[in-house]
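Engineer: I have a structure I would like to understand better, so I am pasting it below and will then ask my questions one at a time.
The values are calculated or read from the model by the stated rules, or taken from the named source; none is laboratory data. All values reported here derive from a predicted model rather than from experimental measurement. Using ideal geometry, Cβ is built from the backbone for each residue, glycine included, and neighbour counts are taken over all protein chains shown. SASA here: full protein model, heavy atoms, side chains in, ligands and nucleic acids out. Shrake-Rupley method; radii C 1.70, N 1.55, O 1.52, S 1.80 Å.
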Amino acid sequence: MITMDDIIREGNPILRQVAKEVQLPASDEEKNTLKAMLEFLKNSQNEDLAKKYHLRAGIGLAAPQIALSKRMIALYLDDDNGKHYEYTLFNPKIISHSIESTYLEGGEGCLSVDREISGYVPRHARVKVKAFDLEGNPVTLRLKGYPAIAIQHEIDHLNGILFYDRINKEDPFKIPDHVAEKN
Ligand SMILES: Cc1nc(NNC(=O)[C@H](CC2CCCC2)CN(O)CO)c(F)c(N2CCN3CCOC[C@@H]3C2)n1
Ligand code: NI
């Protein structure tokens, strides 16, 4: 199973590399790794297992974070309406996105960053993503809000980008451009 010992931290050059596309059909090893990434997220959100294995909670994970510079990501989260999102994807690509931006009011963190970095991380409010599932089938996802933010954070990892790269250096809590009015 994947534990925090497998997760590399900032300073490791792998986190700043552009990860390579997975040649499809994926190998059994690549499929098993992607399944293990999803399992980590589930375990990390289980109070008993997280405590037992000292896991930091995660809703997303990208292969470079376990020192594998390949375009593979997993997501496991519920949105504010309780809708469940569970994805294991190869070669995800944002093919279009809204002009509107959004951000998490509490900022973002990262399992590969062992420090708090405050500030708003501008994200596209809506994204259309093409990817391939575990079986190698093409999938098209249209996401908004929380899951959209999470998948952008993970795809950034595949391009060597960390969340704090996107925080406004002059004014970390500047409301990003094109953010819709909050009612
Ligand atoms: C927002 C949040 N970020 C958590 N961690 N950070 C991560 O997931 C990083 C990726 C996320 C950072 C911002 C967007 C993507 C990991 N990243 O580095 C991967 O690249 C959480 F753990 C968390 N939740 C809320 C839901 N809760 C359900 C019950 O279990 C606990 C869980 C905690 N929400
Ligand atoms: Ni991260």
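Engineer: Scan region 5-17 and give yes if some residue there is within 11 Å of ligand 1 (Cβ to nearest atom), surrounded by fewer than 13 Cβ atoms within 10 Å (Cβ to Cβ) and at negative phi, otherwise no.
Structural biologist: No, region 5-17 has no match at all.
Engineer: If you don't mind, there's one more thing I want to ask. Any residue at all in region 128-144 that is surrounded by fewer than 21 Cβ atoms within 10 Å (Cβ to Cβ) and under 13 Å from the mean Cα position of the chain (by Cα)?
Structural biologist: No - not one qualifying residue is present in region 128-144.
Engineer: Moving on. Of all residues in region 76-122, which are among the β-branched types (Val, Ile, Thr), surrounded by 15 or more Cβ atoms within 10 Å (Cβ to Cβ) and in contact (Cβ under 8 Å) with a residue 60 or more places away in the chain? It would help to see each step written out before you state the result.
Structural biologist: Let us first name the residues in region 76-122 that are among the β-branched types (Val, Ile, Thr), namely 88, 94-95, 99, 102, 113, 117, 121.
Add one more test, that the residue is surrounded by 15 or more Cβ atoms within 10 Å (Cβ to Cβ), and what stays is 88, 94, 102, 113, 117, 121.
Listed by number, the residues that qualify are Ile94, Thr102, Val113.
Engineer: Also: Only residues that are open to solvent by 40 Å² or more (accessible area, probe 1.4 Å) and either part of a helix (DSSP H, G or I) or touching a helix residue (DSSP H, G or I) at 6+ places or on another chain (Cβ under 9 Å) (or both): list them for region 28-45, please.
Structural biologist: Taking region 28-45 as the starting set, the residues that turn out to be open to solvent by 40 Å² or more (accessible area, probe 1.4 Å) are 28-29, 31-32, 35, 39, 42, 45.
If the condition is that a residue be open to solvent by 40 Å² or more (accessible area, probe 1.4 Å) and either part of a helix (DSSP H, G or I) or touching a helix residue (DSSP H, G or I) at 6+ places or on another chain (Cβ under 9 Å) (or both), then Asp28, Glu29, Lys31, Asn32, Lys35, Glu39, Lys42 are the ones that fit.
Engineer: Based on what the data block shows, is Lys52 surrounded by fewer than 16 Cβ atoms within 10 Å (Cβ to Cβ) and either farther than 16 Å from Asp156 by Cα or over 14 Å from the mean Cα position of the chain (by Cα) (or both)? Give the derivation first.
Structural biologist: Details: surrounded by fewer than 16 Cβ atoms within 10 Å (Cβ to Cβ): yes; either farther than 16 Å from Asp156 by Cα or over 14 Å from the mean Cα position of the chain (by Cα) (or both): yes.
In short, yes.
Engineer: Here's another thing I want to ask about it. Please name all residue pairs, on different chains or six or more residues apart, with Cβ atoms under 9 Å, provided the first residue is in region 166-180 and is closer than 19 Å to His153 by Cβ and the second residue is of a type in the set (Lys, Arg) and in a loop (DSSP other than H, G, I, E, B).
Structural biologist: Pairs that qualify, where the first residue is closer than 19 Å to His153 by Cβ and the partner is of a type in the set (Lys, Arg) and in a loop (DSSP other than H, G, I, E, B), are Asn168/Lys174.
Listed here are the residues, each with its yes/no results for (1) within 30 Å of Pro13 (Cβ to Cβ); (2) modelled with pLDDT of 95 or more; (3) within 15 Å of ligand 1 (Cβ to nearest atom); (4) touching a Phe, Trp or Tyr at 6+ places or on another chain (Cβ under 9 Å).
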{"site": "Asn137", "(1), (2), (3), (4)": "no, yes, no, no"}
{"site": "His157", "(1), (2), (3), (4)": "yes, yes, yes, no"}
{"site": "Pro172", "(1), (2), (3), (4)": "yes, yes, no, yes"}
{"site": "Ala180", "(1), (2), (3), (4)": "no, no, no, no"}
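Engineer: I'd like the full set of residues that are in contact (Cβ under 8 Å) with a residue 40 or more places away in the chain and of a type in the set (D, E, K, R), limited to region 25-75.
Structural biologist: Glu30, Lys31, Lys35, Arg56, Lys70, Arg71
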